[in-house]
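Below is one structure; the comments refer to it alone.
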Amino acid sequence: MIRGFLRETDAIAVLTGAGVSAESGIPTFRDAQTGLWARYDPMELATPQAFARDPALVSRWYDERRRKSADCEPNPGHLALTRLQEEFEAAGKHFTLITQNVDRLHQRAGSRGLLELHGTFWVWRCTSCGEEREEWEVPFPEHPPRCQCGGTRRPSVVWFGETLPESVLAAAWQAAEHCGLFLSLGTSSLVEPAASLGRVAAAAGAKTVEINPQETPLSPWVDVSVRGTTGKLLPTILSARE
Ligand code: APR
């Protein structure tokens, strides 16, 4: 059935979550934290209040996640999406990859033109002068990192209670409303507004597919909900069209 959807559509929108990076060795957001972070709730660390309270702690947490991500490689799920993008674009069809992930493993797998709904921890911003730049050096020599203006720098991610980048969200909504096929991959579909994109696509008449080892609030809304992991399933599902 999914292969039929892929054959029949000329516009696909894909939403990914932390589950897509799990098989690369990066714990999902709702997986229990390990080691020195076990006593912290990520929901509490990923907030402007936590950064205001203890910028060094939050900076160290993101630096730890940067280190982990730098030590990982994209997995077959990431690579299958890159191939699908190449095939669709070579055929003059539309392909939009929308991610909630901040690890840039999609980009390292060769995906282009992503919509990063929640930003990335590979770009940091000064809280005083607003200067923003990519930061690939791991680990940071100091926590929190400082700007030349003397200001404190923070990761350019969207924290709980903060709004998403307007143009990115508008483009994601547009892609969901105008696609013929929407794939929801490795996301718990719990965090808005990303969690609504699947239903937006369904309401606009698109075929909708979910891949997740567990049921999610989106499962009852999609045409096909597959129980399994993206690293194992995507290479097979996305390659064959016969
Ligand atoms: N393949 C596919 N899905 C998987 C895999 C896998 N190998 N491993 C786990 N999953 C699923 C889990 O069952 C879960 O439903 O991935 C989902 C991960 O859920 P979350 O940790 O909630 O991550 P995500 O949906 O991306 O969270 C959304 O919430 O916390 C904020 O900003 C953060 O971007 C994040 C957003």
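Between helix 76-90 and the chain, what is the angle of the helix's C-alpha long axis to the longest principal axis, kept within 0 to 90° and rounded to the nearest 10? Once rounded, one gets 60 degrees.
Taking the Cα centre of region 177-240 as the origin, how large is its charge dipole in debye, to the nearest 20, when only Lys and Arg (+1) and Asp and Glu (-1) carry charge on their Cβ atoms? Mind dumping the intermediate values first?
Values: 4 positive and 5 negative charges, 36 e Å.
In total the dipole reaches around 180 debye.
The string of couplings for region 92-98 from the Karplus curve (6.51, -1.76, 1.60, θ = phi - 60°) is x, 9, 8, 9, 10, 9, 10 Hz, one whole number per residue in order, with x for Gly and Pro.
What FRET efficiency comes out for ARG39 versus ALA70 if R0 is 25 angstrom and r is the Cβ-Cβ distance? Round to the nearest 0.05.
Working: r = 24 Å, r/R0 = 0.97.
That pair, ARG39 with ALA70, gives E of 0.55.
Comparing GLY186, GLY92, GLY25 in a Gaussian network model of the chain (Cα springs below 10 Å), the most mobile by mean-square fluctuation is GLY92.
How big is D, in µm² s⁻¹, for region 42-173 by Stokes-Einstein at 10 °C and 1.306 mPa s if Rh is the Kirkwood radius over C-alpha pairs?
Details: Rh = 16.0 Å.
In µm²/s, the coefficient is 99.
Just the projected area, averaged over all directions, of the convex hull on the alpha carbon atoms of the chain: how many nm²?
Working: hull surface 51.8 nm².
The number I arrive at for the chain is 12.9 nm².
Assuming R0 = 35 Å, can you tell me the calculated FRET efficiency for the pair ASP54 and LEU190, based on Cβ-Cβ distance, to the nearest 0.05? Mind showing how you got there, number by number?
Details: r = 26 Å, r/R0 = 0.74.
Efficiency for this residue pair is about 0.85.
Pop the C-beta distance of MET1 and SER128 into the FRET formula with R0 = 45 Å and round what comes out to the nearest 0.05. For R0 = 45 Å, the calculated efficiency reads 0.25. Would you mind telling me which residue in ALA91, ALA204, ALA18 has the biggest mean-square fluctuation in a Gaussian network model of the chain, where springs connect alpha carbons within a distance under 10 angstrom? Greatest mean-square fluctuation among the candidates belongs to ALA91. Highest GNM mean-square fluctuation among ALA202, ALA170, ALA13, for the chain modelled with Cα contacts below 10 Å: ALA170.
A full extension of the chain between VAL138 and HIS178 corresponds to an added length of 10.4 nm, given 0.36 nm per residue minus the alpha carbon distance. Axis of helix 166-178 versus longest Cα principal axis of the chain: the two differ by about 10°, to the nearest ten degrees.
Under a 5 Å amide H cut-off, with hydrogens placed 1.01 Å from N, VAL158 pairs with GLY119 among residues at least 5 apart or on other chains. Taking N as the residue count of region 168-242, its C-alpha radius of gyration divided by 2.2 N^0.38 Å amounts to 1.08. Size check on region 114-191: the Cα extents along the three principal axes, sorted descending, read 48, 23, 22 Å.
Readers should treat all values here as calculations from the given coordinates under stated rules, not as data from a laboratory. Note that this is a predicted model, so its numbers are computed, not measured. All Cβ positions, glycine included, derive from the backbone under ideal geometry; neighbour counts span all protein chains shown.
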